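Following: one structure in C-alpha cells, then a few remarks.
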Amino acid sequence: GILIRSLADASHDRRFLSPQQILYNSLGICAAIAATVAVTFYSKRALQTLQSEEDVLA
C-alpha cells in the first residue's frame, strides 16, 4: 500500500522518488516476499506433519 501511494504521489506531482524512498520501498517489498515464502514453507511443513500423524493413526 505504501509503495503504491508513494508512486501515485510522485506521478501526480510529477516528481521523482528520493533514493531513500526507493530504498525503503525495495526493502519493504523484499520483506513482504520473504514473509510470504516463510509462512508458505511453514504451513506446508505443518500440513505434511499433520497428514503423516493422521496416516499413523489410521
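Taken together, the values in this text are just the output of simple stated rules run on the coordinates, not laboratory data. A quick note: this is a predicted structure, and the numbers were derived from the prediction, not measured. Here the Cβ positions follow ideal geometry from the backbone for every residue, glycine too, while neighbour counts run over all protein chains shown.
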If you go through the stretch 1-35, how many residues are surrounded by 10 or more Cβ atoms within 10 Å (Cβ to Cβ) and under 19 Å from the mean Cα position of the chain (by Cα)? 19
Residues of the chain being of a type in the set (Asp, Glu) and either touching a Gly at 6+ places or on another chain (Cβ under 7 Å) or not in a loop (DSSP other than H, G, I, E, B) (or both), which ones? Asp9, Glu53, Glu54, Asp55
